[in-house]
């Protein structure tokens with residue numbers, strides 16, 4: 001199967017899974033064809049691929065094959081120990097692509113670690129299936145800086161925010177000379193292609209917004 005057609009089929013399968021996740025009583029083949037705007041032949045091929053990925057169906061009622069209602073059974077997966085759905089996993093992959101500018105920093109490393117633990121539970125079929133999702137669902141952000149060389153700064157700010165601790169920063173604002181002072185970060189924010197931290201500046205006794213890439217040095221302080 002060509003890569004373009006493979007991508008279209010994956011999109012259809014994701015839509016199918018979503019339909020079954022939200023269908024309490026199931027759907028007939030004719031209803032599924034209308035929802036998916038595909039032929040019965042294409043639908044059966046997609047349903048077979050869903051089953052190959054580890055799902056099973058319950059078919060209720062009806063005399064003929066087309067009048068039976070297809071649905072996921074309680075637990076849905078053959079491996080009920082997996083607490084996530086495919087749409088939830090897709091959201092994680094999508095977010096990982098969104099965080100591409102922050103690779104090498106805790107903002108993305110944490111998500112990569114979670115996904116690695118999930119992927120360790122994959123069967124070979126799931127590994128191939130979800131591997132395709134990574135490349136067929138790409139989220140692109142506006143042009144952004146590479147924050148890998150600011151990873152230590154991001155990590156120190158994140159910890160200070162969580163622990164409500166002060167840090168000592170050496171910061172250069174625009175063309176001004178760099179100044180060193182105590183700073184209490186409240187949060188880290190991403191806006192307009194730049195990463196910022198918002199917090200209380202002891203230097204000016206006011207809430208300030210600092211651009212992360214302009215923080216030259218950072219050192220945790222024991223005081224809160």
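Throughout, read-outs are computed from the coordinates displayed, never taken from laboratory work. Treat the numbers as computed from the prediction; the structure is a model and nothing was measured. Ideal geometry is used to build each Cβ from the backbone, glycine not excepted, and the neighbour counts take in all protein chains shown.
Here are the numbers:
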| read-out | value |
| --- | --- |
| Overall Cα dimensions of the range 148-220 - principal axes, largest extent first, Å | 28, 25, 20 |
| Contour excess over end-to-end distance, with Cα ends at residue 179 and residue 203 and 0.36 nm allotted per residue | 7.7 nm |
| Cα-projected label distance for residue 51 with residue 103, points at 7 Å along beta-carbon direction, nm | 3.9 nm |
| Extension gain from residue 145 to residue 221, taking 0.36 nm per residue of separation minus the Cα-Cα distance | 24.5 nm |
| Net lengthening on full extension, residue 168/residue 189 (0.36 nm per residue, minus Cα-Cα) | 5.6 nm |
| Cβ-Cβ FRET estimate between residue 22 and residue 113, R0 fixed at 45 Å, reported to 0.05 | 0.90 |
